[in-house]
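Q: Next up is a structure, given as structure tokens.
The values are calculated or read from the model by the stated rules, or taken from the named source; none is laboratory data. Please read these numbers as outputs of a predicted model, since none were measured by experiment. Every residue, glycine among them, receives a Cβ derived from its backbone with ideal geometry; neighbour counts consider all protein chains shown.
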Amino acid sequence: MFAVYMGVGSVLLPTHIAELDAADKVAVLGVVGGVSAVFGTVFNPLAGALSDRSGRRNPWILGGALATLAALALLGSARTVLMVGIGWCLVQATMNVYQAAVTAIVPDRIPAARRGTASALVGLALPVGGTLGVTIASQTEDRLSTGYPVLGAVAAAGALLLAACCRDLPRTGGPVAAPRVSRRERVGSFLSALAVHDFRWAFIGRALMVLGHFSVMGYQLYILDDHIALPAGLTPAEAMAVLTPLSMAAMALSTVVGGLLSDRWNRRKVFVGASAALAGTVMVVPVISPTWTGMLVFNALNGLGFGCFMAVDTAVVTLVLPRAEDAARDMGVLNIANAGPQIVAPVVASAIVTALGGYTPLFLIGGALSLLGALAVIPIRGVR
């Protein structure tokens, strides 16, 4: 999943758009990213609710991944900005069907006392998958019709492996029959988790952190091209192939350490708050030093903060879920805090860069949003 998101979103999609419309690439990427994220926001909780109702995860995982492979093949053949937008919208929709079912596995099967460790191990998917995805993408940026399907094949292979090695454990009684209720009652039930105090604050903190992070990281290829003084002979795509493994290695380290220590000490909030604060604070590094060295330092420290945050914050969320039987649906609602800010982030980032005159304001605003995400953990009462 993260191989697709990072490889396509960070390298192939910006490269594709720059080839089609170099003059307006920042604005076009903002529009394409914003519109496509609407599909992720809608399909994730919807697929989660359907997965809960069916009592099974693997059919949704397999179906989502195989549909993603087809959508990426279509994206690779796109020759206009409109077709790129349509293709990426389809990928967001299908990948979020996959994601909704995958994220329900930890609350389905892992005891509460081990959620930090489990979330940390699952969290390693981001650095491992992200590094794999960006490596593949950087090697195929000049062969987009090959790069997109290769990443789709990675997602499909992962889904097949997961389905083969992690069999479904259907709930007693089989699929859950849906009672007859009005549309208004269905919508209210769908978002009912947000009425729970702790879940709502976890949602707000995740949304702020993701918005701050992706406002900057979604434009990193363009930042390297237009803002950072790279060493002679180093292209932006090659720089991404260096920075991403560095960031992901730091992310892997903090993911494991944060998850294990949060279980051992039975403390979650301090890890979530401190890691979000670190990720926000280091946004000033490229402002102070818009150099290759500055980007190396920024990516390493940002990876440490974001990795720990995502691992431990995921454990926090699984501990404040209102009802175990609605785990996939409510995790899907949480994933609105992942996808929703990505609707806003490209549009906001594009507006900031265009209206405020460059990438320095983007770093500062992204850092401020992450710091607000750190503060949002304070009101959570049910987790230490």
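Q: Can you give me the number of residues within the stretch 67-82 that are in contact (Cβ under 8 Å) with a residue 60 or more places away in the chain, in a helix (DSSP H, G or I) and either surrounded by fewer than 19 Cβ atoms within 10 Å (Cβ to Cβ) or over 23 Å from the mean Cα position of the chain (by Cα) (or both)?
A: 3
Q: Looking only at the stretch 107-136, how many residues end up being closer than 20 Å to Arg329 by Cα, within 17 Å of the chain's Cα centre (by Cα) and aliphatic (A, V, I, L, M)?
A: Total satisfying the criteria: 1.
Q: Can you name the number of the only condition in (1) within 19 Å of Leu144 (Cα to Cα); (2) modelled with pLDDT of 85 or more that Trp60 fails?
A: For Trp60, the failing item is (1).
Okay, residues lined up against (1) modelled with pLDDT under 90; (2) surrounded by 13 or more Cβ atoms within 10 Å (Cβ to Cβ); (3) assigned to a helix (DSSP H, G or I):
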position	(1), (2), (3)
Pro149	no, yes, yes
Gly158	no, yes, yes
Asp168	yes, yes, no
Val176	yes, yes, no
Val181	yes, no, no
Val187	yes, no, yes
Ala193	yes, yes, yes
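Q: Residue by residue through the stretch 253-269, note down the ones that are modelled with pLDDT of 90 or more and among the hydrophobic types (A, V, I, L, M, F, W, C).
A: Leu253
Q: For the stretch 38-48, indicate whether the set of residues that are more than 21 Å from Ala207 (Cα to Cα) and of a type in the set (Val, Ile, Thr) is non-empty.
A: Within the stretch 38-48, not a single residue is more than 21 Å from Ala207 (Cα to Cα) and of a type in the set (Val, Ile, Thr).
Q: Now, a different point. Considering Gly48, Gly34, which residue is modelled with pLDDT under 90, surrounded by fewer than 23 Cβ atoms within 10 Å (Cβ to Cβ), part of a helix (DSSP H, G or I) and of a type in the set (Gly, Ala, Ser)?
A: Details: Gly48 fails: surrounded by fewer than 23 Cβ atoms within 10 Å (Cβ to Cβ).
Gly34 is the lone residue from the list that is modelled with pLDDT under 90, surrounded by fewer than 23 Cβ atoms within 10 Å (Cβ to Cβ), part of a helix (DSSP H, G or I) and of a type in the set (Gly, Ala, Ser).
Q: Go over the candidates Gly294, Gly273, Gly258 one by one and state the one that is touching a Pro at 6+ places or on another chain (Cβ under 8 Å) and farther than 22 Å from Gly30 by Cα. If you could, list the steps in order and put the result at the bottom.
A: Values: Gly273 fails: touching a Pro at 6+ places or on another chain (Cβ under 8 Å); Gly258 fails: touching a Pro at 6+ places or on another chain (Cβ under 8 Å).
The unique qualifying residue is Gly294.
Q: Given the stretch 206-283, what helices (runs of 4 or more DSSP H) lie entirely inside it while holding 1 or more residues that are under 20 Å from Leu124 (Cβ atoms) and of a type in the set (Lys, Arg)?
A: 236-264
Q: Now, a different point. Go through Leu304, Leu296 for me and flag whichever is surrounded by fewer than 20 Cβ atoms within 10 Å (Cβ to Cβ), at pLDDT 80 or above and out of contact with any strand residue (DSSP E or B) (no Cβ under 8 Å at 6 or more places or on another chain).
A: None of the other options fit; the residue is Leu296.
Q: Specify which of the listed residues (Gly85, Gly129, Gly64) is closer than 30 Å to Arg267 by Cβ and assigned to a helix (DSSP H, G or I).
A: Gly129
Q: Give the stretch 327-363 a look and list any residue that's modelled with pLDDT of 80 or more, buried (at least 20 other Cβ atoms within 10 Å of the Cβ) and polar (S, T, N, Q), or say none.
A: The answer is Ser350, and nothing else.
Q: Out of the stretch 348-384, which residues are under 22 Å from the mean Cα position of the chain (by Cα) and polar (S, T, N, Q)?
A: Ser350, Ser370
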